[in-house]
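Only one structure is covered here, and it is reproduced in the block below.
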Amino acid sequence: MEAEGIRADISLAGTGIDLSLGRVTYQQRIDQLSNMLDLLGMNGAWLESPRRVSISDYGLLGYAMMSSATLEQAVQIAVKYHKLAGAMFELVFDVDGDEAVLRIDHLLPGGRVGQYTVEELFAGISRLIGLLLGRDHKPSRILLNYEAPDYAEKHLQCFRCPVIFDQPSCQYRFSREELAEPLAEADANTARICEESCRKLLNQMEIEDDIISRICHLLLSTPGEFPKLDAVANKLSLGARTLRRRLNDLGTSYQRILDDVRRELAIEYLRTTNLTVQEIAELLGYSEVTNFRRAFMRWVELSPYQYRKQIGSPA
């Protein structure tokens, strides 16, 4: 919200969101978006904001897509794990003649919030596919299940293709031929690691909802860029002091959780991958490999090399 120029406390007004609980329901999220649209107006400004998006903004899911062999594999991963991005809908992938189709099913919010959700998503998809392919990309057609808004010209400026309103469903269509294009950053090992992490994260999201687990999820979704406590608190719709106090009441701290996540990831990478110590250090957010070695020694009383040799890992 603050990225749109709206303070968090204003967007939360009347939503029933309790900052001390650290939990936000779908309905509360819808109410929060409604507040934002009350202040911004339905002007289509969000059709321009995805231009600033980078693949790393999608965390583990972004890395899994980027390291895929082809665009089709990346799209399949995105569809399979799209709930990691907090989606309030089902995303379906299909092929229809010479077009690939991404269709939205079971969109939870209706009205203007649903319209905003679809438009922001499709603008983001257009930008993301271009980033994955490393070149300019535009869809072949955009189908939307509502009447053309007053700012319909912004759809044409954003998508640069026919945009058809009053359709049975919302669909992002693009050339089927693009699916077979290889990705420049393709790496089978990285793709496997990231997708496995996405799978575990999705499984955890389905069975856990406590604040420590939610923090772990956030940390796992931003490999190499572990956020500071203030940023995590903001993601959880909490004040930094409130988050600090709640963790203290649970007998832990943000730094301890961060260390635990890094330790488990380090052990997993050393045990199951051929990644170098330097690469692992970067994935864990260490700017210097010596800092990672020092931390690992503190965790297991062995250097990364000694640990790998002891367990007989692939490297």
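Just so it is clear, none of the values below were taken in a lab; they were calculated from the coordinates. Bear in mind the structure is a predicted one, so any value in this text is a computation, not a measurement. Backbone-built Cβ (ideal geometry, glycine too); neighbour counts: all protein chains shown.
Points to keep in mind about this one:
- Exposure proxy order (Cβ contacts within 10 Å, fewest to most) of Ser237, Ser54, Ser169: Ser54, Ser169, Ser237
- In terms of the mean number of neighbouring beta-carbon atoms within 10 Å, the peptides 188-196, 114-122 order highest first as 114-122, 188-196.
- Kirkwood's formula applied to the C-alpha pairs of region 208-311 gives a hydrodynamic radius of 14.5 angstrom.
- Pairwise FRET efficiency - Val289 versus Arg245, Cβ, R0 = 41 Å, nearest 0.05: 0.70
- For Lys309, a cut-off of 21 angstrom between C-alpha atoms picks up no lysines at all, skipping any fewer than 8 places away in its own chain.
- Ordering Tyr286, Tyr151, Tyr63 by the number of other Cβ atoms within 10 Å of each residue's own Cβ, fewest first, gives Tyr151, Tyr286, Tyr63.
- Cα→Cβ-extended label distance, 7 Å offset, between Gln255 and Ala87, nm: 3.9
- Ranked by how many other Cβ atoms sit within 10 Å of their own Cβ, fewest first, the residues His137, His82 fall in the order His82, His137.
- Of all lysines in the structure, those lying under 16 Å Cα to Cα from Lys154, and not within fewer than 8 positions of it along the same chain, are Lys138.
- Aspartates and glutamates with Cα under 20 Å of Lys228, excluding same-chain neighbours fewer than 8 positions away: Glu2, Asp57, Asp210, Asp249, Asp259, Asp260, Glu264, Glu282, Glu288
- Between Arg263 and Ala186, the FRET efficiency estimated from the beta carbon spacing at R0 = 30 angstrom works out to 0.55.
- Between Asn145 and Leu202, the FRET efficiency from the beta-carbon distance, with R0 = 35 Å, is close to 0.80.
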